[in-house]
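The values are calculated or read from the model by the stated rules, or taken from the named source; none is laboratory data. Being a predicted model, the structure only gives us computed values, none of them experimental. In this analysis, Cβ positions are derived from the backbone assuming ideal geometry, glycine residues included, and neighbour counts consider all displayed protein chains. To get the accessible areas, we keep the full protein, side chains included, count just its heavy atoms, and leave off ligands, DNA and RNA. Shrake-Rupley method; radii C 1.70, N 1.55, O 1.52, S 1.80 Å.
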Amino acid sequence: MRKRSRLPMFVTLGVLLFLYAPILVLILYSFNDSRYPGAWQGFTLKWYRMLLEANSVEARDIWRATRNTLVVAFAATIISMVFGTMAAWAMYRFRSRLQSLHQMLVYAPLVVPDILMGISLLMLFVNMSVNLGLTTIVVSHTTFCISYVALVVLGRLQDFDHTLVDAARDLGANGFAVCVRILLPLLGPGIAAGGLLAFTLSVDDFVITFFTAGPGSTTLPVQVYSMMRHGTPTLINALSVIFIIVTFSVVIFSQRVLQRKNNTHPHI
Amino acid sequence: MDGFIELRGIRKKFQGVPAVDDASLTLNRGEVFSLLGPSGCGKTTLLRILGGFETPDAGRIIIDGQDITDLPPNKRPINTVFQNYALFPHLTLWDNVGFGLKMAGRPRKFIDSEVERMLDLVDLLDHAEKKPHQISGGQKQRVAIARALINKPQLLLLDEPLAALDLKLRQRMLLELDRIHDEVGITFLYVTHDQGEAMSLSDRIAVMNHGKIEQIGRPMEVYEAPSSSFVAAFIGDTNFFKANVSASADADYSRLSIDKLPPVLAYNDKKLQTGQQVYLSIRPEKFRIQREKPSDGERLNMLKGKVLDIIYLGSNTKFRVECGGHILMITQQHARFMLDTSPLTWEEEVWVSWNADDGYMLQRYEEADTRLLNLPAEEPVP
Amino acid sequence: MKRSWREWAISLPSMGWLVFFFVIPTILVCGIAFKPRSINGGIGDGWTLGTWLDVLQPSYPLVVWRTLWLSGMTTLICLLVSVPVAYWLARLSREARNWMLLLIILPFWTNFLIRVFAWWSLLHSQGWLKQALAWVGLVSPDAQLLYNEWAVLLVLVYTYIPFAILPLFASAEKFDFSLLDAARDLGAGKLRAFVSVFLPGISQGMITAFVVVFIPALGSYAIPDIVGGPQSEMIGNKIAQKVFVDRNLPHASALATLLALVVLLPVLYSIFTQRRQKRGNGGRRS
């Protein structure tokens, strides 16, 4: 047996370096005592202090944007969890013309570039003379989140054994009891995973928000964008690090929770 | 007997294709009744209609005088043991078994004592706190039975309950099912494609094919007196002969002429007239095969033939014998010590004989059913 | 009857939402492209083809070409790099594989803009990468690494690599690696076995990777906006410019329609090839 080529391994390590280097540099910059990204001027925590002290203008804007982001993400997540789960159930349960149409509708937003979705929603709101604000952002985010939730839940449903529903009905459960005692406990992790994805996508979204946000409804990514353009870039470094710490811990935590869930209820 | 459960003219089509076609059955109180047939014959659809998971296009279902055709599954006095058990993976065995009583809103104390009794019945009390994925297939099977029985249904449906188990376990579970049935005395409707399970467990069997019920009868009836070539070929092995009634020998027996064979005698329970065509089915083990010409017995048919193939199987041997262009499948049991005998060998001239009572006249014959036979005799004669 | 009522009840919320907030707005954009502009930056009455005449003016074909070129190059580089990565990941043990996958996905849980910004600060004239390259002598000290097509291409590749790795890995995971041994056994060289057995084996993943990289890349807006300059604008930048700077909504709509048409081509292509593959398999089976 001849030796396996090592090239793929080196490519992979190169990719990992490529992926992480900018983020590591970003973290280092956040401790650099210089107004602009550049030569090392010494260690400082002043950017973090500036962010956490509520009295600076930047900090006030950032915290307001953070609040907006969370409000939008929670609202869009909850609506899309309900609608997306229903959509997944419909596509799983029924095989009809209506469902092929349904499927097309659900998949289409996944392949359409953000900017097209952004501008078309903007046109809709302009046409309906709706004032742009948090509501329009929530509506826009829900529109793409439904598809992602439906996709994740549908994936979990592929392993779902529908005779469990038959069995519960057979043992005397009515529709409500089937939902509460069988479907929710078994599909809960899938719905939660879909919701988590929707939440992160909503928090992360810049382009669609940029088109559908109005004055005063700035979200964090939009705030970061305007700081990048007009403000103090170094402050963004510190903000990014906080952002990274929060998202990484959420991801790792949810990964562990979902994994533990999976261990106790393996799909048979 | 009492006609406790009645299915009248059940019909169901899926996308225009009939799955169940005018099926009527009557089940007696406390009996084990099997629906037997190949996959796709409509037996599972019929069971799902009984359970309330499918709505029939036509027909009624009556239990103890009450028409339950339009009741949803949760309102029927019927419970089901599903093929893949369908145990709730997020609940313990205890909670799985107690599910039905909980749905019925029974008091906690009552549920606890009943669950304990049922788990004890299936010998799983020690595993009550486990989840379904922590137990073996046979144990899951028993949980599924306990869960279905706890509501004291009037009818228990079992959908291929042993299909997922290996052979040894299947045989043990068959005995266990028998024991449980003796203990609870509920009517069982058992769906299977395995004739062995159906024969050993059932009081009566309905053989289904293409959505229709071909024959209903006790296991011995469907085996010994199959109504059609399908039943004869699906349950066990057999030999078919196309024959014409050439003369009646006496009140009960007729002489049949079969192509290229001397006339044979057969019991004519169908009261066929001379000249009518009929198909005869003779089971492989009904034949006797020997070197010497058997002495003329009363109503004994005998043919001269040549051995083509021998398959020694220990307790018995299968022969393929050619008689006048027909190829016969013959099974001989070995009651004696075989090493001391000089067994038959290939190309040997033999005598094949059978009693006139052992050839059974079929009501219906389909050429396609010969494909169900285990060793098709379709190669040309060398 | 009852069954179809249930189906409608459970399908209607999501279908209604998507029709109202996805299908109708898309049709609306196509419609507005044929409307005149009103003086106050809104949409005027009547119908016109004038916007389309503006859109077809000389500067746009160049932007369309650049968009296609940048997206195509991004897709090509992502595929070239991701195929060996997928190959290597698929041959790892289950546990190592899960860890590596997590490592690859993890950076992409950080905000998209922050990642673009990280590159901006690296490539910046005082940025460390720029300084390092200048120190080694690869670029002249006063060279500008930002605000050109190469910077845009680099960040596009950075952004879309995981989107290429994931589907390729998914199909490499299903690939039966003993086929490679069989090919070697029959006399194929290492590279030959890789190209003529492994690559066709993961073709489904390649099509998916192509779609999920190429299409979003076509609609890029933020990346060329931040690390690109006037000479590296893509259609997305023009759309945003028409909306936010020129307040010319019909013009922006016409550009969006144009982009939608460009996006439609690869989608139709992938649907077509999948159909043909399915039909091909079906034919062989029967």
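Values computed for the structure shown
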| quantity | calculated |
| --- | --- |
| Selection count where residues are of a type in the set (S, T, N, Q) and surrounded by fewer than 17 Cβ atoms within 10 Å (Cβ to Cβ), scope segment C:93-130 | 4 |
| In segment A:10-46, the residues that are within 19 Å of residue C:124 (Cα to Cα) and part of a helix (DSSP H, G or I) | A:18, A:19, A:20, A:21, A:22, A:23, A:24, A:25, A:26, A:27, A:28, A:29 |
| Residue list for segment C:131-159, restricted to those being more than 11 Å from residue C:227 (Cβ to Cβ) and within 9 Å of another protein chain (Cβ to nearest Cβ) | C:131, C:157 |
| Residue A:47 open to solvent by less than 10 Å² (accessible area, probe 1.4 Å), more than 7 Å from every other protein chain (Cβ to nearest Cβ) and modelled with pLDDT under 85 | yes |
| Members of segment B:306-321 that are open to solvent by less than 40 Å² (accessible area, probe 1.4 Å) and among the hydroxyl-bearing types (Ser, Thr, Tyr) | B:317 |
| Subset tally (residues that are open to solvent by 50 Å² or more (accessible area, probe 1.4 Å) and within 12 Å of chain A (Cβ to nearest Cβ)) for segment C:195-209 | 1 |
| Residue match in segment B:186-207 (condition: within 18 Å of residue B:46 (Cβ to Cβ) and basic (Lys, Arg)) | yes |
| Hits in segment B:90-123 (condition: more than 10 Å from every other protein chain (Cβ to nearest Cβ) and part of a loop (DSSP other than H, G, I, E, B)) | B:92, B:106, B:107, B:122, B:123 |
| Residue within segment B:217-239 that is part of a strand (DSSP E or B) and of a type in the set (Val, Ile, Thr) present | no |
| Failed item, numbered, when residue C:82 is tested on (1) closer than 27 Å to residue C:255 by Cα; (2) touching a residue at least 40 places away in the same chain (Cβ under 8 Å) | (1) |
| Matching residues in segment B:35-89 - criterion: being within 14 Å of chain A (Cβ to nearest Cβ), open to solvent by 30 Å² or more (accessible area, probe 1.4 Å) and not in a helix (DSSP H, G or I) | B:53, B:54, B:55, B:71, B:72, B:77, B:83, B:84 |
| Those residues of segment A:129-165 which are within 14 Å of chain B (Cβ to nearest Cβ), β-branched (Val, Ile, Thr) and open to solvent by 30 Å² or more (accessible area, probe 1.4 Å), in sequence order | A:163 |
| Of residues in segment A:145-188 being of a type in the set (D, E, K, R) and in contact (Cβ under 8 Å) with a residue 24 or more places away in the chain, the one nearest to residue A:75 (Cα to Cα) | A:156 |
| Qualifying positions in segment B:124-153 - in a loop (DSSP other than H, G, I, E, B) and either open to solvent by less than 20 Å² (accessible area, probe 1.4 Å) or under 20 Å from residue B:74 (Cα atoms) (or both) | B:124, B:128, B:135, B:150, B:151, B:152, B:153 |
| Tally of residues being touching a Lys or Arg at 6+ places or on another chain (Cβ under 8 Å), in contact (Cβ under 8 Å) with a residue 60 or more places away in the chain and surrounded by 15 or more Cβ atoms within 10 Å (Cβ to Cβ) across segment B:243-264 | 3 |
| Any hit, segment C:180-191, residues being open to solvent by less than 30 Å² (accessible area, probe 1.4 Å) and more than 11 Å from every other protein chain (Cβ to nearest Cβ) | yes |
| Answer residue from segment C:260-282, given it is at pLDDT 75 or above and open to solvent by 80 Å² or more (accessible area, probe 1.4 Å) and is farthest from residue C:220 (Cα to Cα) among those | C:272 |
| Of residues in segment C:28-51 being open to solvent by 40 Å² or more (accessible area, probe 1.4 Å) and either modelled with pLDDT under 85 or over 16 Å from residue C:252 (Cβ atoms) (or both), the one farthest from the other protein chains (Cβ to nearest Cβ) | C:49 |
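Residue by residue, here is whether (1) acidic (Asp, Glu); (2) more than 17 Å from the chain's Cα centre (by Cα); (3) open to solvent by 10 Å² or more (accessible area, probe 1.4 Å) holds:
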| position | (1), (2), (3) |
| --- | --- |
| C:221 | no, no, yes |
| C:233 | yes, no, yes |
| C:248 | no, yes, yes |
| C:255 | no, yes, no |
| C:258 | no, no, yes |
